[in-house]
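Please read the structure below before turning to the comments.
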Amino acid sequence: MKNPEFSVIVPVYNSESYFRRCLDSILAQTFNDYELIIVDDGSSDSSGEIADEYAEKNSRISVIHQQNQGLSAARNTGLEAASGRYVCFADSDDTVTPDLLSVLLKYTDKDYDIISYNRRLIAPDGTEGVLGKVYAEYPEIDEEVRRKIILEMLYERRIGWESWSMAYRREMLERYHLRFFDNRIIYAEDLHYTMSCLCRIHSMVMVPDVLYVYYQRTDSLSGRYGYQDLFDRMITCAHEIYNDMKKSGNCQDLTDHFPIVYFGIMRNEYLNAGDVLDKVGEEELRRKFRARQDDGFHMNMSRRIPQYWKELLKLGKQNQTRKALHILELLLGEPYLLYRFKRKIGRLKRKLIR
C-alpha cells in the first residue's frame, strides 16, 4: 500500500472544548492524500473518546492512547507512527486552513527538508495578526545561510519556530532521528526542535500563505508551566540548543558566537512569557537570575553578550532597545553601567598587578 503524502500529527490532552473544531478543520482539507494521527496523552476529560469517535467514521484517522507523558512525548509517539512523506503538526486547540496541504503540495516535488508557512494569531480579545513573512527559497544551505535563517528567526520573526508552522520531510527527520526534547525539563521545546532541524537541513522554502490559525489563550503559559521554575528551564533549553549545535557540526560560527543566539532565545522567551512574569514580579525575577550567578554556562554567555551589543541592536527592532537593555541587566543580575564599571576596575587592577 502506498504511503500518504502527508502525516498530520495532533497530540491532545484535556482539550474537549476545542478539539472538535481542530479535527473538523483538518478533515476539511481540499487535498486528501494524508493520514491523521491523534495521540491522546492520558486525557482525563472526553478528548480520548472524541478521538475514537472520529476514527470510527474516517479511515484516515488513527488514535494512539498513552499515559500522560507531556507534549513532547506525545509528538514523538506520533512521529514513530507516521508514514507520510512530509509531517505536519497541529495543536488540539488550534485550526488549519482548508488549503494547508494543497498549498504545501506545490513545494514537495523539490524535496525541501522544511516548508515553512505563515500563521494567523487570534488573541483572547479577538484581535488578529500575522507574521510579516515573504517568500524565500534556499535550495542549498551552507553555514552562512544557516546563520542568516536562525538569526532572522530569533530577531526578525520572518520564520516561526513553532513546530506547527512547518512541514518536515520525514526522511530528513529519520536520518538524524530528530525528536522533541522533554518539555517537562526545558521551556520552549518547539524552539529547541526547530533549531535542531535548522542545524541539519540542506534546503528550505518559506511561503507567505497563512495556513494555520493559532488561538492564544490567557491560561496557556501559566496553565502548562509552573512559573517557579520557568527561568531555570529557559536556561536549560538554551544550554541544550548550544550542545546540539556543537553536535551537528554545521553551526561552528554560531557556537563560537553563541551569546548572540543566547540573548535572542532569552529575549524572545522573556517577551513571550508576559502572563507568567506578571505573577513572578520584577524583584522575584531579578532574584532568580542572581541565583544563577554560579551557573557557569549562563554567566559565561551573559557576560559575553555586551561584546555583541551593536550587532544585537541592529538585529533586533530599534524600538525595543530599552527593553533589550532591561533583559540584559536581568541576565547579568545587575545594572549594565555598574557591570561595565566593575569590568573597567577589574582591568585596571590587572594592569597594576603586572
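Just so you know, all these numbers are worked out from the coordinates, no wet-lab data involved. Note that the structure is a prediction, hence the values are computed from the model and not measured. As a convention, Cβ positions derive from the backbone with ideal geometry for all residues, glycine included, and neighbour counts pool all protein chains shown.
Looking only at segment 1-44, which residues are under 15 Å from residue 76 (Cα atoms) and hydrophobic (A, V, I, L, M, F, W, C)?
8, 9, 10, 12, 36, 37, 38, 39
Having 2 or more residues that are within 20 Å of residue 107 (Cβ to Cβ) is the bar; report the strands (runs of 3 or more DSSP E) wholly within segment 124-187 that clear it.
Working: elements: 128-130, 136-138, 166-169.
Where strands (runs of 3 or more DSSP E) fall fully within segment 124-187 and carry at least 2 residues being within 20 Å of residue 107 (Cβ to Cβ), they are 136-138, 166-169.
When segment 231-264 is examined, which residues are found to be assigned to a helix (DSSP H, G or I), of a type in the set (S, T, N, Q) and in contact (Cβ under 8 Å) with a residue 40 or more places away in the chain?
Step one: filter segment 231-264 for residues assigned to a helix (DSSP H, G or I), giving 231-248, 252-256, 258-264.
The next check asks that each one be of a type in the set (S, T, N, Q); those that pass are 236, 243, 248, 252, 255.
Passing the criteria: 236, 248, 252.
In the set 71, 79, 104, which member is under 16 Å from residue 29 (Cβ atoms) and either in contact with an Asp or Glu (Cβ under 9 Å, 6 or more places away or on another chain) or without any contact (Cβ under 8 Å) to a residue 24 or more places away in the chain (or both)? Write out each step before concluding.
On the way: 71 fails: under 16 Å from residue 29 (Cβ atoms); 79 fails: under 16 Å from residue 29 (Cβ atoms).
Going through 71, 79, 104 in turn, just one is under 16 Å from residue 29 (Cβ atoms) and either in contact with an Asp or Glu (Cβ under 9 Å, 6 or more places away or on another chain) or without any contact (Cβ under 8 Å) to a residue 24 or more places away in the chain (or both): 104.
Here is a list: 201, 159, 185. Which entry is touching a residue at least 24 places away in the same chain (Cβ under 8 Å), over 19 Å from residue 88 (Cα atoms) and in contact with a helix residue (DSSP H, G or I) (Cβ under 9 Å, 6 or more places away or on another chain)? Can you show your working first?
Numbers: 201 fails: over 19 Å from residue 88 (Cα atoms); 159 fails: over 19 Å from residue 88 (Cα atoms).
That would be 185, the only listed residue that is touching a residue at least 24 places away in the same chain (Cβ under 8 Å), over 19 Å from residue 88 (Cα atoms) and in contact with a helix residue (DSSP H, G or I) (Cβ under 9 Å, 6 or more places away or on another chain).
Which ones in segment 114-143 are surrounded by 22 or more Cβ atoms within 10 Å (Cβ to Cβ) and more than 13 Å from residue 208 (Cβ to Cβ)?
Hit for segment 114-143 is 114, nothing else.
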